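Q: Handing you this structure, nothing more for now.
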Amino acid sequence: LFSLPVLLAARNADGGIHRPRRPATHQAQLTDFYFQSPMSRWHWAMREFDQRLDHLNSFSGGMFKQRYMLNTTFWGGVEKQAPMFFFTGAEGGDITRVVGAYGHVIEMAERMQGLVVMMESRFFGSSLPFGRQDSYRAPVDRVGLLTVEQVLLDYVEIIIAVHAEFDPEWRCPSIAFGGSLAGTQAAMIRFKYPTVVDMSLASSAPLHGFPTPGFDAAAWRKRVTDTWVELATGQHGCPVFGLVQRAFASFENADPDAVKQALNTCETPYPGNNWDARDEFWAHIESYGTYGYPWSTSAIPKLCELAFYTSKLPTAGGLDIAAAFLPETTGCLNLTASRERENFPDSKGWDLLACTEIVHPIGATNVTDFFPPSRWSVEATAEECRGRWNATPRDAGLWIPRMFGFGALKASPSSDLSNWASHVIFSYGELDP
């Protein structure tokens with residue numbers, strides 16, 4: 001693994017699927033990160049770029065306003081061939097909230113006198129081509145314009161525009177960066193457009209998270225479970241595996257009044273509130289297990305300790321244990337607001353991509369993980385997505401690996417990135433699912 005300066009030097013020379021409402025929880029955590037990172041002392045300029053609606057159709061002249069944030073606080077200029085860092089935004093959505101999660105890039109930019117550009121993905125945040133209500137309508141000339149190919153071409157156009165303004169002779173290197181899907185896109189833009197992007201920093205990029213031969217649909221939630229076990233058991237001896245299983249099981253036939261009382265929901269009891277409450281519990285368990293860094297500040301040990309204590313109370317049931325795992329709040333648990341998050345643009349955008357191109361096999365066994373059993377298959381995904389979007393996974397979920405050359409054809413030498421790709425740093429933490 002080469003350091004960034006070395007690379008710069010080289011360059012110059014339950015029906016089968018359960019999708020908890022992850023984006024909204026993700027954003028809330030990133031907002032907290034902002035105030036802990038060097039980002040908060042930088043000055044960011046919010047800009048709008050006049051972007052093409054359809055890069056792949058010569059007869060389409062439509063445009064939309066795409067946001068990006070620019071920071072030149074420590075920009076060293078063309079004379080020093082200072083690097084330009086470009087964030088390839090994705091399902092995290094609103095760049096004003098995501099920005100705080102990338103303090104390590106800011107620190108590098110400060111040391112290397114680079115500028116930083118945070119690009120917001122089309123159909124996410126405020127970069128909505130047809131507005132908040134109409135962007136996700138069914139016609140193919142609306143929601144059909146959300147594809148990875150269109151997103152990458154958006155970013156190519158913005159990178160070219162930034163170079164035209166600050167470095168018209170292209171003497172400064174362009175470095176794409178991101179985490180999760182944004183990390184995958186950072187790698188893909190280097191693969192696809194190497195004349196525009198000189199190198200990429202791809203963090204937690206699930207390049208092999210597609211239904212390629214031999215995929216393991218249970219792997220993702222096993223890693224989430226293992227993170228809980230390692231952080232809880234390792235420090236406090238908390239039997240977290242069994243506690244979470246018991247909490248999940250308690251929702252199965254829970255009485256609406258019992259759910260209301262145990263979890264202090266804002267709504268009056270109603271049939272089905274057990275499933276809405278389970279979704280909320282599920283989302284929090286996955287969120288804490290997914291974003292486990294830094295270990296020293298993780299809430300997992302404290303939450304498990306509280307749940308373990310609760311389980312020992314004479315009158316405690318599974319719902320009480322579930323409530324102990326939820327974060328403290330000054331008010332009630334708002335299940336209505338949780339359901340409404342599914343209609344947020346960022347949630348819809350991620351759901352559509354998960355139905356068409358970013359098809360990640362994620363199931364559960366309740367044996368290697370503590371989640372309720374959930375069998376994943378391409379067929380079940382296609383059936384569900386057809387009902388919501390009238391769309392199905394492209395090439396049975398293999399479109400992206402085939403088009404970008406990773407993992408789909410294991411017998412082919414071309415599937416080995418080292419044979420044809422270069423200047424991409426992949427970084428994965430030990431707790432990454």
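The values are calculated or read from the model by the stated rules, or taken from the named source; none is laboratory data. Quantities reported herein were computed from a predicted structural model and do not represent experimental measurements. Note that we place each Cβ from the backbone using ideal geometry, even for glycine, and neighbour counts take in every protein chain shown. Note: accessible area is taken over every heavy atom of the protein model, side chains too, but ligands, DNA and RNA are not part of it. Shrake-Rupley method; radii C 1.70, N 1.55, O 1.52, S 1.80 Å.
Q: Can you list the residues, at least 5 places off or on another chain, whose amide H is less than 5 Å from the amide H of Leu53, using H built in the peptide plane?
A: Under 5 Å from the amide H of Leu53 lie the amide H atoms of Gly62, Met63, Phe64, each far enough along the sequence or on another chain.
Q: What is the local net charge at Glu357, summed over the other residues whose Cβ is closer than 13 Å to its Cβ (Lys, Arg +1; Asp, Glu -1)?
A: Taking every other residue near Glu357 into account, the sum is -2.
Q: HN-Hα J couplings of region 215-231 from phi, Karplus 6.51/-1.76/1.60, θ = phi - 60°, integer Hz, Gly and Pro as x?
A: Whole-Hz 3J(HN,Hα) from phi for region 215-231: 5, 10, 5, 8, 5, 5, 6, 5, 5, 4, 4, 4, 5, 4, 5, 5, 6.
Q: I'd like the isolated cysteines in the chain, meaning no second cysteine's beta-carbon lies under 4.7 angstrom from theirs.
A: Cys172
Q: Have a look at the DSSP beta bridges in the chain and tell me what percent are antiparallel, nearest 5.
A: Expressed as a percentage, antiparallel bridges in the chain total about 40.
Q: While we're here: So what is the 222 nm mean residue ellipticity for the chain from helices alone, if each DSSP H run of at least 4 adds -39500 (n - 2.57) and you divide by all residues, rounding to the nearest 500 deg cm²/dmol?
A: -12500 deg cm²/dmol
Q: Taking the chain, how many lysine pairs are there with alpha carbons less than 30 Å apart, if each pair must be eight or more places apart or span two chains?
A: 13
Q: Turning to a different aspect of this structure: Take the Cα radius of gyration of region 48-88 and divide it by 2.2 N^0.38 Å, with N its residue count; two decimals is plenty.
A: 1.68
Q: Assuming 0.36 nm per residue, please report the length gained on full extension of the stretch Gln113 to Thr336 beyond their Cα-Cα distance.
A: Length gained between Gln113 and Thr336: 75.6 nm.
Q: Search the structure for amide H atoms under 5 Å from the amide H of Phe177, placed 1.01 Å from N in the peptide plane, and list their residues when 5 or more places away or on another chain.
A: Correct list: Phe86, Phe87, Thr88, Leu201.
Q: Mind checking region 286-341 for GluC sites (Glu not before Pro) that DSSP puts in a loop (not H, G, I, E or B) and that have at most 16 other Cβ atoms within 10 Å?
A: Within region 286-341, the qualifying GluC sites (Glu not before Pro) (loop, at most 16 other Cβ atoms within 10 Å) are Glu328.
Q: If you don't mind, another one. For region 182-289, what's the relative contact order in percent, using C-alpha pairs closer than 8 Å and at least 6 residues apart?
A: 17 percent
Q: So which trypsin sites (Lys or Arg not before Pro) in region 324-370 end up in coil per DSSP with only 13 or fewer other C-beta atoms within 10 Å?
A: none
Q: Kindly report the accessible area of the chain per residue (heavy atoms of protein chains, probe 1.4 Å, no ligands, DNA or RNA), in Å².
A: Roughly 44 Å² per residue, with all protein chains present.
Q: Hey, another quick one. Report, to the nearest whole %, how much of the accessible area of the chain belongs to carbon and sulfur atoms, 1.4 Å probe, protein only.
A: For the chain, the apolar C and S fraction of the accessible surface comes to 54 percent.
Q: Moving to a separate point now. Keeping every protein chain in place, order Trp220, Trp170 by accessible area at 1.4 Å, biggest value first, i.e. largest first.
A: Heavy-atom accessible area, descending, gives Trp170, Trp220.
Q: Further, regarding this structure: For the chain, what is the largest minus smallest coordinate of the Cα atoms on each principal axis, given in angstrom and ordered from greatest to least?
A: That gives 73, 45, 45 Å along the principal axes, largest extent first.
Q: Do any trypsin sites (Lys or Arg not before Pro) in region 235-334 lie in a loop, going by DSSP, with at most 11 other beta-carbon atoms within 10 Å of their beta carbon, and if so which?
A: Lys312
Q: Post the alpha-carbon centroid distance, region 171-220 to region 264-279, in whole angstrom.
A: Region 171-220 and region 264-279 have Cα centres separated by 39 Å.
Q: Using the Cα centre of the chain as the reference point, and only Cβ charges (+1 on K/R, -1 on D/E), how large is the resulting charge dipole? Debye, rounded to the nearest 20.
A: Here the size comes out at about 360 debye.
Q: Using only the Cα atoms of region 73-157, build the gyration tensor, take square roots of its eigenvalues as a ≥ b ≥ c, and label the shape rounded, prolate or oblate: rounded if a/c is under 1.5, else prolate if a/b is larger than b/c, else oblate.
A: Since a/c reaches 1.5 and a/b is larger than b/c, the shape of region 73-157 is classed as prolate.
Q: Going toward the positive end of the dipole of the chain, with +1 on Lys and Arg Cβ and -1 on Asp and Glu Cβ, which of Val378, Ala323, Ala109 do you reach last?
A: Checked the options; the winner is Ala109.
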